[in-house]
Amino acid sequence: MPAPRRLATAVALLVGIATTVGLRAADPPMMATEPAETIRLWEGPAPGALGDKDQDTPVVAWWPAKQATGATPALVICPGGGYGGLADHEGSDYARWLNTQGISAFVLRYRLGSKGYRHPVMLGDVSRAIRLVRHDAERFKVDPDRVGVMGSSAGGHLALSLCLKGDDGLTTAADPIDRRPSRPAVGVLCYPVVSMMPDKTHGGSRKNLLGDAPPEPLARELSGELSAHDTMPPLFIWHTYEDAAVKLEPILELGIRLKSLGKPFELHVYETGPHGLGLGVRPYDGTKPLHPWTVDCRRWLGTRGF
């Protein structure tokens, strides 16, 4: 990749609620790791940029899987934060954990509603990130057919939006990166905001993404429980009964819709855990037991070739 891009800097619906009575065995100890590089998604100003500050410059932090003997799977990670911020523990901690599982990670710094951006800018950023990883797969030592997306809370909504809107590549695009597919191979949604409908959404996320009074057709289009379709990738979704910030009902409705479409997914609702719990340990250092979702997710990813 040219130097200017671098910056310093199966189908399962669980009926009822799975009870978390304790955390499971810890993952293998984490190897000391930091991102290898932080990479701009566009060499020049990003489309629709409102300035030239960091907040206007979407990037991915590349966390390569260690001791890989061949091309690895990869996940682009969208941290949560209500489309108004980015929660580091839902980015770099996830990347460190994925690295211990032999999966490369790319933590996305996407543009935010709190900085004046609105849909579809955020969707454009995550789409570009997936295309970039596939375009430069040889350099990143990843398998372009095994590139998925992962997100938490509002980042889960962004990941779900990509699963809804991803494409096979813009074949006539002047930029060769944009000719690569943006549709992810899998989606991992952690306590995701699923709906943008007023009575079912997370209010701050909706406002930051769509503004004060978005048209109803747009809100419906970005509500997974209403707009999920039969070309979406397989999904792993998890939430907790105790989460008081993001509604459970749209997540269950999404599962019902996916089942009706015959689309594979796995859904877990754990009894305990507050919103934003991430891995269940903060900061992640590879020595303490993690929340059980990590065990379930790793098994599921394995069934999907990850």
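What follows draws every value from the coordinates through simple rules; no lab data is involved. Keep in mind it's a predicted model, so treat the numbers as computed, not measured. No Cβ is skipped: glycine too gets one built from the backbone with ideal geometry, and neighbour counts run over all protein chains shown.
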Which of 115/259; 165/259; 115/200; 165/207; 53/207; 141/207 exceed 31 Å between C-alpha atoms? The answer is 115/259; 141/207
Packing-ranked peptide list from 119-125, 53-59, highest mean Cβ count within 10 angstrom first, is 119-125, 53-59
Inter-part gap, Cα centre of the range 228-245 to Cα centre of the range 166-180, in whole angstrom, is 28 Å
In the range 37-117, the GluC sites (Glu not before Pro) that sit in a DSSP loop and have at most 16 other Cβ atoms within 10 Å of their own Cβ are 43
quick shape note, the chain: Cα extents on principal axes in Å, largest first -> 51, 48, 33
What helix-only [θ] at 222 nm does the chain give? Using -39500 (n - 2.57) per DSSP H run of at least 4, over all residues, to the nearest 500, the answer is -7500 deg cm²/dmol
Given 155-162, 167-174, 78-85, the highest-first ranking by average Cβ count within 10 Å works out to 155-162, 78-85, 167-174
Computed about the Cα centre, the charge dipole of the chain from +1 Lys/Arg and -1 Asp/Glu charges at the Cβ has a magnitude in debye, to the nearest 20, of 380 debye
Checked against the positive end of the charge dipole of the range 95-211 (+1 on Cβ of Lys and Arg, -1 on Cβ of Asp and Glu, about the Cα centre), the farthest of 187, 174, 124 is 124
